[in-house]
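Inspection log for the structure reproduced underneath, given as structure tokens.
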Amino acid sequence: MPLKLSLRPGEKFVLNGAVLQNGDRRAVLVLQNKASVLREKDILQESEVETPARRIYFPVMMMYLDEASAQRHYDEFVLRLTEFMGVIQNPLILTHCVNISRHCMEREFYKALMLCRKLIEYEDERLGHVPTGLPAGGDAG
């Protein structure tokens, strides 16, 4: 099933590890086969990994972008998810955590990322943070 990306002028995205930038006009790309794609707004820089939920998101993002090296990031993911689950009591969020883990074990990293966004949203609400990166909801992948 093809993936259609509508890109704003100058918008950056990652395609199978390569950072690409759209030109000065809107563009539409249609990817005909499976590829790892993240829009600029969904990419978390290492310097932005400042909260527990973002510490989960980051290794999952790295597994998605570099599936061949996923094992290298998996241990960090497990550690951070375990820490997070140890302090969370919300049943829905705990269910998301279990599903994130399941998706990662099944190498469905994009699905795991989208659930990680729900953890970030929950965390931002609970901590009263004004989100600086990764707004809720994603539409690439």
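No value in this document is a laboratory result; all are computed from the given coordinates. All values derive from a computational prediction rather than experimental measurement. Here the Cβ positions follow ideal geometry from the backbone for every residue, glycine too, while neighbour counts run over all protein chains shown.
Summary table below
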| read-out | value |
| --- | --- |
| Filtered residue count, region 63-77, keeping only those that are over 16 Å from Val37 (Cβ atoms), touching a residue at least 24 places away in the same chain (Cβ under 8 Å) and not aromatic (Phe, Trp, Tyr) | 1 |
| For Arg25: the one exception among (1) loosely packed, with under 12 Cβ neighbours inside 10 Å; (2) among the basic types (Lys, Arg); (3) free of Cβ contacts under 8 Å to residues at least 24 places away in the same chain; (4) not in a loop (DSSP other than H, G, I, E, B) | (4) |
